[in-house]
Amino acid sequence: IVMTQSPATLSVSPGEGATLSCRASQSVSSNLAWYQHKPGQAPRLLIYGASIRATGITDRFTGSGSGTDFTLTISSLQSEDVAVYYCQQYNDWPPFTFGPGTKVDIK
Amino acid sequence: EVQLLESGGGLAPPGGSLRLSCAASGFTFNYYGMTWVRQVPGKGLEWISAISGSGANIFYADSVKGRFTISRDNSKNTLYLQLNRLTAEDTAIYYCAKNECPRHNPTCYKFDSWGPGTLVTVSS
């Protein structure tokens, strides 16, 4: 399964919202996770099951979608949200592929 | 608190070998599948290998199959990755990661805890 993400880079003004897209080459049902990865840090699980927030994740992050098309929405972007965001499918046995990532920065 | 800490990275020549370790604590290690993910500098995340909680089920990405070997010692709460026949394309930060749920099921292979990573550099 090939995962694609768009856009590759997203520049957003502070307080504005951001919409990130992830597409699978075939259906992965709702078996889709989103991660946040900041430079020099470990990746962090944000969303799994396409829409379930991981423990401790703020409700400014919202996941949606099923099948092949998924969206991560960040509401009211803050400086600490600057990162690369990856989607990952885990619908079937390996490989558990990641998308190429969307870099989010502050305009 | 779950903690994962990788070690064993460093400089290796092309064709050389390294053994990475990931020390785990804060959870019942043998209940959970574990995974290695790498990031080539400036590139994205790449899933490369996974092992079930018992160690009975092992998976590899095509890019490392036949060269890398994943294993675990549940008595030591430690995950390993043996890297052989290294090439420059294996230069990356290697992360170990824990499955989100304790079942041998593909739907548990999303990763709720990660180590800080260890850098492997392959160069002569």
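The values are calculated or read from the model by the stated rules, or taken from the named source; none is laboratory data. Just so we're clear, the structure is a prediction, and the values are computed from it rather than from any experiment. When we count neighbours, we look across all protein chains shown, and the Cβ atoms used for this are built from the backbone with ideal geometry, even at glycine. We work out accessible area using only protein heavy atoms, side chains counted, and drop any ligands, DNA or RNA first. Shrake-Rupley method; radii C 1.70, N 1.55, O 1.52, S 1.80 Å.
For this structure, a couple of remarks:
- Whole-Hz ³J(HN,Hα) from phi, Karplus 6.51 cos²θ - 1.76 cosθ + 1.60, for the stretch A:16-30, glycine and proline x: 7, x, 10, 10, 10, 10, 9, 10, 9, 6, 8, 4, 10, 6, 10
- Total accessible surface hidden between B and A, rounded to 100 Å², 1.4 Å probe: 1700
- Normalised Debye scattering of chain A at q = 0.11, 0.24 Å⁻¹ gives log10 I(q)/I(0) of -0.29, -1.37, counting only Cα atoms as equal scatterers and leaving out solvent.
- Label separation (B:S63 vs A:K107): 3.3 nm, computed from points 7 Å beyond Cα along the C-beta direction.
- Hydrodynamic radius of the protein assembly as shown per Kirkwood, over alpha carbon pairs, in Å: 17.9
- Quarter of Cα convex hull surface for chain B, i.e. mean projection, nm²: 7.0
- Cut-off 18 Å (backbone N to label point 7 Å along Cα→Cβ of B:S124), residues of the stretch B:7-28: B:11-17
- Accessible-area value, A:L10, 1.4 Å probe, nucleic acids and ligands omitted, Å²: 40
- Sequence-distant residues sharing a close amide H with B:C101 (under 5 Å, placed H): B:K110
- Nonpolar atom fraction for the protein assembly as shown, defined as the carbon and sulfur part of the 1.4 Å probe accessible area, stands at 48 percent.
- The charge dipole of chain B, taken about its Cα centre with unit charges on the Cβ of Lys, Arg, Asp and Glu (plus for the first two, minus for the last two), comes to roughly 220 debye.
- Of every Cα-Cα pair in the stretch B:60-124, the percent that sits beyond 14 Å: 69
- Taking A:Q41, A:Q78, A:Q88 as the candidate residues, the one with maximal mean-square fluctuation in a Gaussian network model of chain A, Cα springs under 10 Å, is A:Q41.
- Maximal additional length on extending the A:R60-A:T19 stretch stands at 13.6 nm, based on 0.36 nm per residue less the C-alpha distance.
- Separation of the A:T4 and B:A88 label points, Cα + 7 Å toward Cβ, nm: 3.0
- In Hz, Karplus ³J(HN,Hα) per residue of the stretch B:66-74 (6.51, -1.76, 1.60; θ = phi - 60°; x = Gly, Pro): x, 10, 10, 10, 9, 7, 8, 10, 5
- Against the compact-protein benchmark of 2.2 N^0.38 Å, the Cα-based radius of gyration of the stretch B:21-72 scales to 1.23.
- Solvent-accessible heavy-atom area per residue, rounded to whole Å², over the stretch B:59-124 at 1.4 Å: 42
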